[in-house]
Amino acid sequence: MRVPEDYHYYLSRHQDCNERLLARARKFTSKDLEISTDPDAMRLRKMVSAVMGEVHRMLAFVRLKPLGSQVLYGYLKPRHRIGEHVCEHFARRAPGIIAVLGNGSESWISLCREGRIMRDHGRGIAETLERLSSAFDCPANVPDAGNPDMGDLDVDDLWQVYYDSQYCPEKKNLGVFRQRMPRRDQDAAGLRLVQNKKEVTLEDFFSGKE
Amino acid sequence: MRIGYNPLRQLAIWMVTLDKIAHLAEDCRFDSLGPAASVTPEKLSLLGEGTRHDVCASTYSPRETPLPGICHSFTQDGRCVSLFKTLYTNHCSHHCNYCTNATNCSHKAKTFSYTPEELASITLSLYRSNYIEGLFLSSGAGRNEDDIMEKMVETACQLRQKHGFRGYIHLKILPGASHAHIQEAMELADRVSINLEASTATHMSEMCATKNYENDILQRQRYIRDMSTAVNLPAGQTTQLVVGAGGESDEEIFKRIIYEYKEIGLRRAYYSAFCPQEGTHFERKEAQPQWREHRLYQMDWLYRVYHFQPCEIRRAFDENGFLQNNDPKMAIAREFMDSPVDPNVATSRELLRVPGIGPKSAQRIVALRQRQTILSKSELAAAGVRIKRAAPFLKINGWRDSTLEMWSD
């Protein structure tokens with residue numbers, strides 16, 4: 001992993017980061033952090049890489065669903081304080097569309113328009129989506145509204161069929177699979193909730209229960 | 001209220017209320033796409049399966065906003081799923097002896113074909129839900145490769161121009177495709193590739209009677225090289241080989257790859273170990289072990305990332321030109337390193353040649369020794385060196401580890 005120049009930003013998002021630690025970090029440049037074998041620097045490097053790693057895996061694993069045709073929402077409960085950062089990524093990925101991420105207790109809202117990022121931080125995602133759907137006058141409980149018509153296949157079915165088609169049994173290697181898709185991150189991104197969606201209700205999804 | 005500036009994205013950030021956000025987004029809508037009722041699970045699955053053995057990932061692609069490579073999922077074999085990887089059609093007029101879509105394959109599956117609209121629609125909806133970073137489009141040659149190539153280009157064109165798609169697109173160039181189609185593909189895609197499949201024309205003729213190696217493949221690679229500009233094709237061109245189907249040695253593959261990197265300006269090569277498919281002409285041919293693929297990647301890595309000289313890498317091959325099932329870097333070190341390396345004085349090039357020391361740990365060693373003399377293995381371990389592998393080749397503080405294990409595995 002390469003330590004970015006503004007690594008303080010990532011460090012400050014770590015769940016165990018505090019003012020004292022940030023002050024200690026001031027004496028290290030990103031280059032120092034990258035190559036130093038100083039125990040302090042190594043600890044900071046580890047913390048930065050933990051945050052960047054979680055950001056990266058959340059960008060990868062979070063799945064979005066449309067609400068009406070102006071909102072994309074998904075489940076997110078990260079260990080580090082990266083909610084708004086991840087949400088902003090999705091807002092930039094779909095300019096003009098409101099990105100909402102969150103869980104039972106908090107939510108992040110982001111919109112990218114005309115080179116500006118607008119954001120808000122709300123309570124549980126259910127409440128936020130409720131407010132958005134009344135603002136847009138569209139029903140909140142139709143998770144797939146606005147999805148293109150794919151015959152009988154919704155986007156999750158589409159994905160599942162495609163995903164299954166990519167598997168080469170002769171190369172099966174579950175060890176690598178588990179290493180690359182850590183359970184902890186799958187939970188943080190609500191991936192298993194999405195996969196089990198046929199059995200869970202929308203309320204379970206919002207409150208983060210399986 | 002303006003609350004800050006995200007240093008990463010260089011955008012002004014505003015904290016506003018939810019209602020304001022809703023108001024601002026009022027006139028935006030998703031692209032509405034027409035129905036695609038002819039996309040059935042069977043078609044999706046079969047055309048998806050057709051690219052199972054194609055290796056690819058979305059790579060960092062420096063368009064207007066840099067696109068990072070992201071693996072959105074992994075298959076149970078641990079391979080990255082980053083793109084919607086599919087064939088346009090599984091109808092093909094070639095006679096490739098390893099391929100289930102070949103006309104000489106007795107296990108003929110039903111043939112299917114997408115339309116550009118269907119592919120654009122699937123890609124957009126998977127992209128929107130964050131299942132993928134983009135599209136990887138390959139295909140059988142159909143009745144005529146130019147017709148299929150045209151459809152593939154049209155798919156990319158619809159995505160980019162009609163839907164303003166900013167995700168990643170990798171287009172396969174079909175063997176024998178026209179200069180004009182290649183040019184169009186290069187304008188729209190992040191990356192294009194044409195599969196070499198074999199390392200030489202002779203091996204190609206054993207694998208496939210209908211492709212002319214020099215003209216259909218190498219010549220097209222040169223077209224791509226010559227048409228590359230600073231603007232088009234940000235992620236460059238790549239290729240892939242079916243390892244072992246044509247009976248070639250690793251050294252023959254290596255020779256071809258060196259040519260590709262040096263003369264074609266290839267970004268990287270992918271290797272896929274041959275695995276016999278039912279009904280194909282090669283169905284009784286022996287499968288290649290997975291480790292062969294792995295060792296070829298290591299060899300490739302030594303050349304591309306560690307910048308080993310071809311003459312060094314060549315020492316890893318046995319007398320028949322094959323790599324053994326062990327780390328080629330270790331094999332090369334055993335051949336070349338006759339005296340132990342002192343981490344306090346060695347150049348970074350020398351350090352990099354020690355097994356267990358990679359580019360990053362070599363860099364750390366150089367930084368570390370500017371401040372202090374390296375006296376112990378634990379200091380090296382802290383720098384990221386894999387001591388068990390490196391120790392036999394190192395001399396620390398005038399003391400050298402037992403050489404016995406250097407010669408045994």
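As a rough guide to protection, the peptides A:88-99, B:212-223, A:23-34 ranked by mean Cβ packing within 10 Å, highest first, stand as A:88-99, B:212-223, A:23-34.
Taking a straight line from the alpha carbon of A:K65, these lysines sit under 21 Å away, with near neighbours fewer than eight places off in the same chain left out: A:K77, A:K197, A:K198, A:K209.
Straight-line cross-link reach from B:K110 at under 22 Å between alpha-carbon atoms covers these lysines, not counting any fewer than eight positions away in the same chain: B:K43, B:K85, B:K151. Angle of helix B:145-157 to the longest C-alpha principal axis of chain B, folded into 0 to 90 degrees and rounded to 10: 90°. Mean separation of Cα pairs under 8 Å and 6 or more residues apart, divided by the residue count, gives chain B a relative contact order of 11 percent. Label sites at A:E127 and B:K108, each approximated as a point 7 angstrom past Cα along Cα to Cβ, lie 6.4 nm apart.
From helices alone, the protein assembly as shown scores -10500 deg cm²/dmol at 222 nm; the rule is -39500 (n - 2.57) for each run of n ≥ 4 DSSP H residues, then divide by the residue total. For peptide A:113-119, the mean count of partner chain Cβ atoms within 10 Å of a residue's Cβ comes to 6.
Provide a whole-number value for the mean count of partner chain Cβ atoms within 10 Å of the Cβ atoms in peptide B:120-133.
Mean partner shielding for this stretch: 6.
Between B:A273, B:A346, B:A201, the Gaussian network model of chain B with springs among Cα atoms under 10 angstrom shows the greatest mean-square fluctuation at B:A346.
In chain B, the longest principal axis of the Cα atoms and the axis of helix B:290-304 are about 80 degrees apart. Between B:L233, B:L24, B:L46, the GNM of chain B built on Cα springs shorter than 10 angstrom shows B:L24 fluctuating the most. With contacts taken as Cα pairs under 8 Å at a separation of at least 6 residues, the range A:64-139 carries a relative contact order of 26 percent.
Just so you know, all these numbers are worked out from the coordinates, no wet-lab data involved. Everything numeric in this text was worked out from a predicted model, so none of it was measured. Positions of Cβ are generated from backbone atoms using ideal geometry, with glycine treated the same way; all protein chains shown enter the neighbour counts.
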